[in-house]
Amino acid sequence: MTTKLSLFNEALGLLGERPLASTSENREPGRRLNAIWDDGAVKALLESGQWTFATRTISITYSPSIDPSFDGQGYKYAFDKPSDFVRTTELCSDGRFQNEITDYQQDAHYWFCDFDTIYLRYVSIDDAYGNDLSTWPENFKKYAQAWLAVKLAPTSTKDDQNKALMLEKQLERRKVEALATDAMENPTQFPKETSWQKARGGRARFYNENGSPR
């Protein structure tokens with residue numbers, strides 16, 4: 001099972017360092033890794049993709065206590081962002097996520113639009129979602145290990161800089177692999193019908209296995 005200690009030790013292994021006995025061990029690498037972790041490591045990792053394993057689906061009714069007339073840029077309704085919100089995956093006007101909302105605005109705390117209820121899929125840092133290390137897929141764990149190693153790697157000498165460059169390349173490769181694996185967990189996505197297509201009568205469209213019309 002993935003734990004903070006196992007992630008730390010795999011990161012240290014990539015740097016050729018000996019492992020920690022615990023996350024509280026009083027060694028410089030451990031202190032630095034804890035500082036990196038506490039400075040928002042999990043959120044930074046989750047922000048880097050639309051991770052299926054960390055995705056949460058909810059509906060939100062507008063907040064009557066928020067007046068959108070001042071900073072809502074003319075929209076009728078304001079919606080509080082959830083406290084565990086990291087990044088949006090889908091924002092729709094229906095619970096089946098067939099009608100994407102494209103006409104909206106957001107700031108650090110709210111969404112603004114003309115629908116009184118919105119349906120949201122988003123990457124969550126809640127303890128039951130992205131912050132539950134036990135649910136992290138293998139390739140995401142490897143990506144997180146490389147990310148920690150890059151953050152920890154010294155760059156004071158030329159050898160250090162060469163090692164840091166190699167680690168950065170490894171990090172990019174692991175990120176690509178993690179994103180590719182995660183994408184395979186989603187069902188096949190077909191192009192959504194546009195408003196122009198609906199205006200022409202909503203004729204049924206059929207698609208090949210690769211998603212192209214036929």
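What follows draws every value from the coordinates through simple rules; no lab data is involved. Since the model is a prediction, treat every value here as computed from it, not as a measurement. In this analysis, Cβ positions are derived from the backbone assuming ideal geometry, glycine residues included, and neighbour counts consider all displayed protein chains.
What trypsin sites (Lys or Arg not before Pro) does region 5-70 have in DSSP loop regions with at most 16 other beta carbons within 10 Å?
R27
Can you tell me the mean projection area, over all orientations, of the convex hull of region 26-82's alpha carbons? Units nm², please.
Values: hull surface 28.1 nm².
Computing the convex hull of the Cα atoms and averaging its projections yields 7.0 nm².
The list [x] 25, 19, 17; [y] 40, 23, 15; [z] 37, 18, 15 gives values of semi-axes √(5λ) of the Cα gyration tensor in Å, and only one came from this structure; which label was calculated from it?
Identified label for the calculated read-out: [y].
Give, rounded to the nearest 20 debye, the magnitude of the charge dipole that the chain has about its Cα centre when Lys and Arg contribute +1 at Cβ and Asp and Glu contribute -1 at Cβ. Display every interim value, and only then the final one.
Details: 27 positive and 31 negative charges, 151 e Å.
Dipole of the chain, to the nearest 20 debye: 720 debye.
For the chain, with a Gaussian network of springs between Cα atoms less than 10 Å apart, report the residue from A183, A21, A153 with the top mean-square fluctuation.
Most flexible of the set in this elastic network: A21.
Using the number of other C-beta atoms within 10 angstrom as an exposure proxy, rank C92, C113 with the fewest first. Don't skip to the answer; put the middle values down first.
On the way: C92 18, C113 22.
Ascending Cβ contact count within 10 Å gives the list C92, C113.
Can you list residues from other chains, or at least 5 along the same chain, whose modelled amide H is less than 5 Å from the amide H of D126?
Amide H to amide H, under 5 Å and 5 or more residues apart or across chains, D126 pairs with N131.
With Cβ to Cβ distances under 10 Å as the rule, what net charge do the other residues near F53 carry (K, R +1; D, E -1)?
Details: positive: none; negative: D132, D182, E185.
Local charge sum for F53: -3.
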